[in-house]
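Trainee: Can you read through this structure? Questions will come right after.
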Amino acid sequence: MECRTDRDLEDAGFGPAARFGAPEGGVLGGPSIAQLLRVLLAARPCRRVFLTPALLPHWGHRIEDRGGRPEPLPDAAPHGPASLRSALAEAVAGDQIWLDLGDPGAATGDGAVEAFLELAGACPGIGVVLLRDDHPSRVRTQRLAVDRPGQVVLLREADGAAYALGRPELLRPLAAAAPWPARAPGAPRAGHGGALLVLDVDGVLIDPGRAFMEAVAGALADLAPDLAWSDGDYRALKQAGGFNNDFRLTAAALALAERGEAPGRAALDRLEARIVGLEPDCAAAVRRHYAGTRHLERPLVTREQLAAVPGSLALCTGRPPQELALAFDVLGFTLPALGDSAPHLRKPRPEGLIQLADAFRSGRTTFVGDSRDDAAALRGARLLRPELDWRFAAVGPERARFAQDGDLRAASLKELIDSGELA
């Protein structure tokens, strides 16, 4: 049976996907993307595989060896609407579609991939494999793979290791077929990548000054001119937890004002649906003002100072992807990063830290944060994955509010590095 026709795709407009669910994602580590693809071929029944033409020379015969039939995606833009429309119209249950988003010859713009995945998610039995990332700062692909229905798996590489992202039920058969040794439950992992230092951005790597505070105030002045707003109101929402993302904080301020409520946890929970609904308009307003306030930010450490810390480095931040890219401009360097690009990656949820620990196969993961949400994310990761070695480092002027016994403490990341405690 055909899954979708050309008309179905035309009717959908093949524009950006409008909604993303929030199933909890899983992670499977591996030596390389090539090894993960071999495991995928071994774990899934192989029928036809539609794939980016550049993948055909290496993978065509391997697909045939598994009893499948490789089919190159047609036309000169294999990830463009025409190719994806054609593949999806022909695909039946058991077929797979492999898209190499890192192929410089592939066209991935204009919302084609997002719309394709939105429709493929409604096609039972069709597997979609996204290879690599289509942007150096990974603006889109995390969101494409994990937070959607359907059989979508993203294969990614980072610092000599690789990992697969997807819903846990999709990764379990891959883990069972993997030839590399599984980790014994309850046993600390030695770690392929050794130590991993994960850093928050604002307040840890960057002193935001009043950049976001002023941007939020300006956005609220536009959206609710009669709303009385102060720095104390901003801090109260930050301390309430769940507002690392200032777009969401602005939406919460508006929702509370509409109901005349104070920023308590119970009130915020009751208003969650309204906060989500307000967030797109608030994001646009904050971005407009942030363009004029971001000059207030300054880096707190240099790349050379970070190089003194042994092990791997990564970021786990409440900044959405666009603001994360601007943070890299302030710092003058980039690092592997997870931003606030999907609901399950929003601190204080711990999945982002767990994903990074698995991606780097770290023996010990230390997270440096300056907020209650940062601390809660680390403690949640420790509860969910007790077999891993977790450590939290509290920095900043508010550290006494959220640090616990056993945590590292310092006034700043620079002071923490100089202390030698991260070694």
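The values are calculated or read from the model by the stated rules, or taken from the named source; none is laboratory data. Predicted, not measured: the structure shown is a model, and the values here were computed from it. No Cβ is skipped: glycine too gets one built from the backbone with ideal geometry, and neighbour counts run over all protein chains shown.
Trainee: Residue 378 - would you say it is within 18 Å of the chain's Cα centre (by Cα), hydrophobic (A, V, I, L, M, F, W, C), within 21 Å of residue 395 (Cβ to Cβ) and assigned to a loop (DSSP other than H, G, I, E, B)?
Mentor: Against the criterion (within 18 Å of the chain's Cα centre (by Cα), hydrophobic (A, V, I, L, M, F, W, C), within 21 Å of residue 395 (Cβ to Cβ) and assigned to a loop (DSSP other than H, G, I, E, B)), residue 378 does not qualify.
Trainee: Can you find a residue that is buried (at least 22 other Cβ atoms within 10 Å of the Cβ) and in contact with a Pro (Cβ under 8 Å, 6 or more places away or on another chain) anywhere in the range 397-418?
Mentor: Taking every residue of the range 397-418 in turn, none turns out to be buried (at least 22 other Cβ atoms within 10 Å of the Cβ) and in contact with a Pro (Cβ under 8 Å, 6 or more places away or on another chain).
Trainee: Looking for something assigned to a loop (DSSP other than H, G, I, E, B) and of a type outside the set (Val, Ile, Thr) - is there at least one such residue anywhere in the range 356-367?
Mentor: yes
Trainee: While we're looking at this one, here's another question. Of all residues in the range 246-260 being more than 16 Å from residue 226 (Cβ to Cβ) and among the charged types (D, E, K, R), which is surrounded by the fewest Cβ atoms within 10 Å (Cβ to Cβ)?
Mentor: 248
A quick yes/no check of all residues on (1) surrounded by fewer than 15 Cβ atoms within 10 Å (Cβ to Cβ); (2) touching a Gly at 6+ places or on another chain (Cβ under 8 Å):
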residue	(1), (2)
233	no, no
268	no, yes
276	yes, no
280	yes, no
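Trainee: Take residue 329 and decide whether it is within 30 Å of residue 272 (Cβ to Cβ) and of a type in the set (Asp, Glu).
Mentor: no
Trainee: State all residues of the range 329-371 that are among the aliphatic types (A, V, I, L, M), at pLDDT 85 or above and under 12 Å from the mean Cα position of the chain (by Cα); if no residue qualifies, say none.
Mentor: Within the range 329-371, 337, 338, 353, 354, 356 qualify.
Trainee: Name every residue in the range 288-325 that is free of Cβ contacts under 8 Å to residues at least 40 places away in the same chain and either of a type in the set (Phe, Trp, Tyr) or buried (at least 16 other Cβ atoms within 10 Å of the Cβ) (or both), in order of residue number.
Mentor: Of everything in the range 288-325, just one residue is free of Cβ contacts under 8 Å to residues at least 40 places away in the same chain and either of a type in the set (Phe, Trp, Tyr) or buried (at least 16 other Cβ atoms within 10 Å of the Cβ) (or both), namely 323.
Trainee: Please determine, by comparing only the residues of the range 382-406 that are at pLDDT below 90 and in a helix (DSSP H, G or I), which one is farthest from residue 356 (Cα to Cα).
Mentor: 383
Trainee: Let me ask something else. Residues in the range 315-335 that are among the aromatic types (Phe, Trp, Tyr) and assigned to a loop (DSSP other than H, G, I, E, B): how many?
Mentor: 1
Trainee: Now for a separate question. Here is a list: 257, 215, 273. Which entry is closer than 22 Å to residue 295 by Cα and of a type outside the set (Val, Ile, Thr)?
Mentor: 215
Trainee: Please work out which one of (1) farther than 23 Å from residue 248 by Cβ; (2) crowded, with 22+ Cβ neighbours inside 10 Å; (3) modelled with pLDDT of 90 or more is the condition residue 374 fails and give its number.
Mentor: Answer for residue 374: the failing condition is (1).
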